[in-house]
1. Roughly speaking, what % of Cα-Cα pairs in region 174-229 are separated by over 13 Å, rounded to a whole number?
2. Calculate, for region 165-234, the solvent-accessible area per residue in square angstrom, rolling a 1.4 angstrom probe over the heavy atoms of the protein chains.
3. Semi-axes, largest first, in whole Å: what does sqrt of 5 times each Cα gyration tensor eigenvalue give for region 224-269?
4. Loop only per DSSP, at most 11 neighbouring Cβ atoms within 10 Å: give me the trypsin sites (Lys or Arg not before Pro) in region 234-298, ordered by residue number.
5. Can you pull the three principal axis extents for the Cα set of region 80-133, in Å, largest first?
6. For q = 0.16, 0.17, 0.28 Å⁻¹, what log10 I(q)/I(0) does region 92-164 give under the Debye formula with an equal point scatterer on each alpha carbon and no solvent?
7. For q values of 0.16 Å⁻¹, compute log₁₀ I(q)/I(0) with the Debye formula on a Cα-only model of region 210-303, without solvent.
8. Would you work out the relative contact order for region 222-303, in percent, from Cα pairs under 8 angstrom that are 6 or more residues apart?
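The values are calculated or read from the model by the stated rules, or taken from the named source; none is laboratory data. Only a predicted model underlies this, so the values are computations on that prediction, with no experimental measurement involved. Virtual Cβ from ideal backbone geometry, glycine too; neighbours counted across all protein chains shown. These area figures cover heavy atoms from the full protein model, side chains too; ligands, DNA and RNA do not enter into them. Shrake-Rupley method; radii C 1.70, N 1.55, O 1.52, S 1.80 Å.
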Amino acid sequence: MVASLFALVLVFGFRGFGRHEGSSSALRAARAATRTRAPRPLARDDSDRDGLSDALEEALAARYAPAVVLAPGERNRPASTRWLLSRVAPPGMSAQDFGRALVAGQLNLGGADFSDEVRAGSGDSRDWVTYVHVYPRVDGGINVQYWFFYPYNQAPLFFDHEGDWEHITVDLGPGGAPRAVYFSEHGNNNPGVYRAWERVRRVGDHPIVLSARGTHASYPEQASVAWFDHVSQCRSVDGCADPVWRTWAAGGLANVGERGAAAGEGEVLAYGGGWGGGGHLLRSRAAPQSPPHQGGFSTAGFD
(Lines give C-alpha, C1' and ligand atoms only; values in the text may rest on other atoms or scores of the structure.)
Protein backbone atom coordinates (compact mmCIF):
# COMPACT_ATOMS: atom_id res chain seq x y z
CA MET A 1 0.00 0.00 0.00
CA VAL A 2 2.80 2.39 0.93
CA ALA A 3 4.66 1.58 -2.29
CA SER A 4 1.53 2.22 -4.36
CA LEU A 5 0.88 5.51 -2.61
CA PHE A 6 4.47 6.60 -3.23
CA ALA A 7 4.17 5.70 -6.92
CA LEU A 8 0.99 7.75 -7.26
CA VAL A 9 2.63 10.70 -5.56
CA LEU A 10 5.49 10.50 -8.04
CA VAL A 11 3.14 10.33 -11.01
CA PHE A 12 0.59 12.96 -10.02
CA GLY A 13 2.75 15.06 -7.75
CA PHE A 14 6.20 15.51 -9.22
CA ARG A 15 5.07 15.05 -12.83
CA GLY A 16 2.06 17.24 -12.18
CA PHE A 17 4.05 20.21 -10.86
CA GLY A 18 4.52 21.45 -14.42
CA ARG A 19 0.86 21.04 -15.20
CA HIS A 20 -0.47 24.38 -14.04
CA GLU A 21 2.56 26.37 -12.97
CA GLY A 22 3.55 27.98 -16.25
CA SER A 23 6.53 27.43 -18.50
CA SER A 24 10.05 26.35 -17.63
CA SER A 25 13.02 28.73 -17.54
CA ALA A 26 14.22 27.29 -20.87
CA LEU A 27 10.88 28.00 -22.51
CA ARG A 28 10.81 31.51 -21.05
CA ALA A 29 14.30 32.11 -22.43
CA ALA A 30 13.25 30.86 -25.86
CA ARG A 31 10.22 33.13 -25.84
CA ALA A 32 12.33 36.10 -24.83
CA ALA A 33 14.81 35.38 -27.62
CA THR A 34 12.12 35.29 -30.30
CA ARG A 35 9.81 37.99 -28.99
CA THR A 36 11.21 40.57 -31.41
CA ARG A 37 9.97 38.37 -34.25
CA ALA A 38 6.35 38.70 -33.21
CA PRO A 39 3.98 38.87 -36.19
CA ARG A 40 2.50 42.12 -37.33
CA PRO A 41 -1.28 42.36 -36.87
CA LEU A 42 -3.31 42.43 -40.05
CA ALA A 43 -5.07 45.65 -40.93
CA ARG A 44 -8.40 43.82 -41.17
CA ASP A 45 -10.04 40.64 -39.89
CA ASP A 46 -7.48 40.03 -37.11
CA SER A 47 -9.26 40.66 -33.81
CA ASP A 48 -6.57 38.93 -31.70
CA ARG A 49 -3.71 40.76 -33.50
CA ASP A 50 -1.60 37.67 -34.16
CA GLY A 51 -1.08 38.10 -37.89
CA LEU A 52 -3.62 35.42 -38.85
CA SER A 53 -7.01 36.39 -40.22
CA ASP A 54 -10.04 35.48 -38.13
CA ALA A 55 -11.48 33.67 -41.15
CA LEU A 56 -8.39 31.48 -41.49
CA GLU A 57 -8.38 30.67 -37.78
CA GLU A 58 -12.05 29.70 -37.93
CA ALA A 59 -11.51 27.48 -40.98
CA LEU A 60 -8.50 25.68 -39.46
CA ALA A 61 -10.29 25.21 -36.14
CA ALA A 62 -13.26 23.56 -37.85
CA ARG A 63 -11.14 21.38 -40.15
CA TYR A 64 -9.02 19.75 -37.42
CA ALA A 65 -11.49 19.77 -34.52
CA PRO A 66 -11.12 16.46 -32.64
CA ALA A 67 -13.55 13.70 -31.85
CA VAL A 68 -13.21 13.07 -28.11
CA VAL A 69 -14.33 9.64 -26.93
CA LEU A 70 -15.39 9.70 -23.29
CA ALA A 71 -14.59 6.70 -21.13
CA PRO A 72 -17.27 4.23 -20.06
CA GLY A 73 -18.60 5.08 -16.63
CA GLU A 74 -17.46 8.70 -16.86
CA ARG A 75 -19.20 10.57 -14.02
CA ASN A 76 -17.57 13.97 -14.63
CA ARG A 77 -18.57 15.14 -18.07
CA PRO A 78 -17.58 18.27 -20.01
CA ALA A 79 -19.30 21.64 -19.87
CA SER A 80 -18.40 25.27 -20.60
CA THR A 81 -17.29 28.23 -18.52
CA ARG A 82 -20.67 29.88 -19.06
CA TRP A 83 -22.43 26.71 -17.87
CA LEU A 84 -20.30 26.62 -14.74
CA LEU A 85 -20.61 30.31 -13.90
CA SER A 86 -24.38 30.21 -14.24
CA ARG A 87 -24.45 27.54 -11.51
CA VAL A 88 -21.96 28.94 -9.03
CA ALA A 89 -22.59 32.70 -9.39
CA PRO A 90 -23.69 34.58 -6.28
CA PRO A 91 -27.49 34.84 -5.93
CA GLY A 92 -28.98 37.43 -8.25
CA MET A 93 -25.86 37.69 -10.46
CA SER A 94 -25.83 36.49 -14.08
CA ALA A 95 -23.06 34.30 -15.46
CA GLN A 96 -21.91 37.19 -17.65
CA ASP A 97 -21.69 39.65 -14.76
CA PHE A 98 -19.98 37.05 -12.60
CA GLY A 99 -17.41 36.50 -15.34
CA ARG A 100 -16.72 40.23 -15.55
CA ALA A 101 -16.28 40.42 -11.77
CA LEU A 102 -13.80 37.54 -11.90
CA VAL A 103 -11.71 39.19 -14.60
CA ALA A 104 -11.78 42.48 -12.70
CA GLY A 105 -10.50 40.73 -9.57
CA GLN A 106 -13.61 41.63 -7.59
CA LEU A 107 -14.60 37.99 -6.98
CA ASN A 108 -13.07 34.54 -7.30
CA LEU A 109 -14.07 30.90 -7.62
CA GLY A 110 -12.31 29.76 -4.48
CA GLY A 111 -15.31 29.83 -2.14
CA ALA A 112 -17.59 26.89 -1.39
CA ASP A 113 -16.87 23.52 -2.99
CA PHE A 114 -18.80 22.68 -6.14
CA SER A 115 -21.91 20.62 -5.57
CA ASP A 116 -22.10 17.04 -6.84
CA GLU A 117 -24.46 18.24 -9.56
CA VAL A 118 -21.92 20.79 -10.81
CA ARG A 119 -19.03 18.33 -10.57
CA ALA A 120 -20.93 15.93 -12.80
CA GLY A 121 -20.79 18.41 -15.69
CA SER A 122 -23.55 18.57 -18.26
CA GLY A 123 -25.47 15.62 -19.61
CA ASP A 124 -26.38 17.70 -22.66
CA SER A 125 -23.62 17.78 -25.28
CA ARG A 126 -24.88 21.18 -26.44
CA ASP A 127 -23.20 22.57 -23.31
CA TRP A 128 -19.83 21.08 -24.27
CA VAL A 129 -17.86 24.00 -25.70
CA THR A 130 -14.32 23.55 -27.05
CA TYR A 131 -12.02 26.55 -26.66
CA VAL A 132 -9.67 27.07 -29.59
CA HIS A 133 -6.33 28.88 -29.72
CA VAL A 134 -4.82 29.30 -33.20
CA TYR A 135 -1.42 30.98 -33.45
CA PRO A 136 1.57 31.29 -35.82
CA ARG A 137 4.92 29.73 -34.97
CA VAL A 138 8.33 31.25 -35.53
CA ASP A 139 9.14 28.54 -38.11
CA GLY A 140 6.27 29.69 -40.34
CA GLY A 141 3.85 26.99 -39.28
CA ILE A 142 0.64 27.24 -37.28
CA ASN A 143 -0.53 25.49 -34.12
CA VAL A 144 -4.22 24.83 -33.53
CA GLN A 145 -5.00 24.11 -29.89
CA TYR A 146 -8.25 22.67 -28.55
CA TRP A 147 -8.99 23.15 -24.85
CA PHE A 148 -11.65 21.06 -23.09
CA PHE A 149 -13.29 22.11 -19.84
CA TYR A 150 -14.57 19.67 -17.23
CA PRO A 151 -15.97 21.04 -13.94
CA TYR A 152 -14.24 18.28 -11.96
CA ASN A 153 -11.20 16.02 -12.12
CA GLN A 154 -11.69 12.79 -10.18
CA ALA A 155 -8.37 11.01 -9.72
CA PRO A 156 -6.90 8.37 -7.39
CA LEU A 157 -6.37 9.30 -3.75
CA PHE A 158 -5.96 13.04 -3.10
CA PHE A 159 -5.40 14.24 -6.67
CA ASP A 160 -8.97 15.40 -7.31
CA HIS A 161 -9.51 19.03 -8.22
CA GLU A 162 -12.20 21.35 -9.55
CA GLY A 163 -12.10 23.07 -12.93
CA ASP A 164 -10.21 20.59 -15.14
CA TRP A 165 -8.62 22.00 -18.33
CA GLU A 166 -7.24 19.57 -20.93
CA HIS A 167 -6.00 20.09 -24.48
CA ILE A 168 -4.45 18.77 -27.67
CA THR A 169 -2.41 20.71 -30.24
CA VAL A 170 -2.43 20.13 -34.01
CA ASP A 171 0.90 21.06 -35.62
CA LEU A 172 0.64 22.46 -39.16
CA GLY A 173 3.86 22.84 -41.11
CA PRO A 174 5.00 26.04 -42.89
CA GLY A 175 3.20 24.83 -46.01
CA GLY A 176 -0.06 24.32 -44.12
CA ALA A 177 -0.06 20.50 -44.09
CA PRO A 178 -0.68 18.73 -40.75
CA ARG A 179 2.50 17.21 -39.33
CA ALA A 180 1.60 15.99 -35.85
CA VAL A 181 -0.71 16.13 -32.85
CA TYR A 182 0.42 16.71 -29.26
CA PHE A 183 -1.77 15.02 -26.65
CA SER A 184 -1.78 16.55 -23.17
CA GLU A 185 -1.34 13.81 -20.57
CA HIS A 186 -0.97 14.79 -16.92
CA GLY A 187 2.46 16.41 -16.39
CA ASN A 188 3.41 16.06 -20.06
CA ASN A 189 1.26 18.90 -21.34
CA ASN A 190 3.53 21.57 -22.74
CA PRO A 191 2.71 20.82 -25.48
CA GLY A 192 2.16 17.09 -24.81
CA VAL A 193 2.89 13.60 -26.14
CA TYR A 194 3.92 13.74 -29.81
CA ARG A 195 2.29 11.67 -32.53
CA ALA A 196 3.15 12.09 -36.20
CA TRP A 197 0.06 12.83 -38.29
CA GLU A 198 0.21 9.50 -40.13
CA ARG A 199 0.08 7.68 -36.78
CA VAL A 200 -2.93 9.61 -35.45
CA ARG A 201 -6.28 7.85 -35.61
CA ARG A 202 -8.73 10.19 -37.29
CA VAL A 203 -12.17 10.71 -38.76
CA GLY A 204 -11.13 12.46 -41.94
CA ASP A 205 -8.96 15.31 -40.62
CA HIS A 206 -10.47 15.13 -37.14
CA PRO A 207 -8.07 13.46 -34.64
CA ILE A 208 -9.59 10.90 -32.28
CA VAL A 209 -8.87 11.60 -28.61
CA LEU A 210 -9.45 9.06 -25.84
CA SER A 211 -10.40 10.94 -22.67
CA ALA A 212 -9.40 9.11 -19.48
CA ARG A 213 -12.15 8.42 -16.97
CA GLY A 214 -12.11 11.00 -14.20
CA THR A 215 -8.73 12.56 -15.00
CA HIS A 216 -9.62 13.42 -18.63
CA ALA A 217 -6.03 13.05 -19.83
CA SER A 218 -5.94 12.95 -23.65
CA TYR A 219 -4.59 9.74 -25.18
CA PRO A 220 -4.03 8.89 -28.87
CA GLU A 221 -4.58 5.13 -28.46
CA GLN A 222 -5.21 2.46 -25.83
CA ALA A 223 -1.61 1.21 -25.87
CA SER A 224 -0.26 4.47 -24.44
CA VAL A 225 -2.66 4.77 -21.50
CA ALA A 226 -1.06 5.07 -18.05
CA TRP A 227 -1.66 2.18 -15.67
CA PHE A 228 -3.88 4.27 -13.39
CA ASP A 229 -6.10 5.60 -16.20
CA HIS A 230 -9.02 3.99 -18.04
CA VAL A 231 -10.28 4.88 -21.53
CA SER A 232 -12.81 3.68 -24.08
CA GLN A 233 -11.83 0.52 -25.92
CA CYS A 234 -13.44 1.71 -29.16
CA ARG A 235 -11.05 1.57 -32.11
CA SER A 236 -13.11 4.06 -34.11
CA VAL A 237 -16.05 6.36 -33.50
CA ASP A 238 -18.34 4.45 -35.84
CA GLY A 239 -20.58 2.24 -33.75
CA CYS A 240 -18.81 3.16 -30.52
CA ALA A 241 -21.04 2.53 -27.50
CA ASP A 242 -19.28 5.20 -25.44
CA PRO A 243 -20.12 8.92 -25.75
CA VAL A 244 -18.35 10.57 -28.69
CA TRP A 245 -17.88 14.33 -28.41
CA ARG A 246 -17.68 15.69 -31.94
CA THR A 247 -16.27 19.05 -30.96
CA TRP A 248 -17.09 20.72 -34.27
CA ALA A 249 -20.76 20.04 -33.45
CA ALA A 250 -22.04 19.62 -29.88
CA GLY A 251 -21.54 22.99 -28.13
CA GLY A 252 -19.33 24.28 -30.90
CA LEU A 253 -15.90 25.89 -31.10
CA ALA A 254 -15.02 29.18 -29.39
CA ASN A 255 -11.90 31.00 -30.61
CA VAL A 256 -10.38 32.54 -27.47
CA GLY A 257 -7.76 34.74 -29.16
CA GLU A 258 -4.39 35.61 -27.65
CA ARG A 259 -3.10 36.79 -24.30
CA GLY A 260 -3.97 40.45 -24.06
CA ALA A 261 -6.21 40.23 -27.12
CA ALA A 262 -9.02 37.89 -26.15
CA ALA A 263 -11.87 37.12 -28.50
CA GLY A 264 -15.51 36.28 -27.71
CA GLU A 265 -15.89 33.74 -24.93
CA GLY A 266 -12.15 33.92 -24.39
CA GLU A 267 -12.56 37.19 -22.52
CA VAL A 268 -13.49 35.44 -19.28
CA LEU A 269 -10.31 33.35 -19.55
CA ALA A 270 -8.35 36.46 -18.59
CA TYR A 271 -9.43 35.53 -15.06
CA GLY A 272 -6.19 34.69 -13.29
CA GLY A 273 -7.55 32.64 -10.39
CA GLY A 274 -8.18 28.94 -10.26
CA TRP A 275 -11.36 27.52 -11.79
CA GLY A 276 -12.52 26.19 -8.46
CA GLY A 277 -11.37 25.86 -4.89
CA GLY A 278 -7.90 25.70 -3.42
CA GLY A 279 -8.12 22.02 -2.52
CA HIS A 280 -8.03 20.24 0.84
CA LEU A 281 -5.04 18.72 2.58
CA LEU A 282 -4.70 15.03 1.66
CA ARG A 283 -8.04 15.19 -0.15
CA SER A 284 -7.65 17.30 -3.27
CA ARG A 285 -5.48 19.75 -5.16
CA ALA A 286 -5.98 23.38 -6.07
CA ALA A 287 -7.96 24.09 -9.23
CA PRO A 288 -5.94 25.08 -12.31
CA GLN A 289 -5.96 28.50 -13.92
CA SER A 290 -7.42 29.44 -17.30
CA PRO A 291 -5.57 28.22 -20.42
CA PRO A 292 -3.87 31.61 -21.14
CA HIS A 293 -2.30 31.42 -17.67
CA GLN A 294 -0.87 27.96 -18.28
CA GLY A 295 2.46 27.07 -19.85
CA GLY A 296 0.61 24.79 -22.28
CA PHE A 297 -0.96 27.86 -23.88
CA SER A 298 2.31 28.28 -25.75
CA THR A 299 2.71 30.81 -28.52
CA ALA A 300 6.18 29.71 -29.65
CA GLY A 301 7.82 33.02 -28.84
CA PHE A 302 4.93 35.24 -29.86
CA ASP A 303 3.79 36.17 -26.36
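1. The share of Cα pairs beyond 13 Å in region 174-229 comes to 60 percent.
2. Per residue, region 165-234 has an accessible area of 35 Å².
3. In descending order the semi-axes read 32, 16, 8 Å.
4. On the way: sites: Arg235, Arg246, Arg259, Arg283, Arg285; in loops: Arg235, Arg259, Arg283, Arg285.
Answer by residue number: Arg283.
5. Here the Cα extents, ordered largest to smallest, are 31, 30, 19 Å.
6. The Debye formula, applied to the Cα set alone, gives -0.85, -0.92, -1.27.
7. Here log10 of I(q) over I(0) equals -0.99.
8. 16
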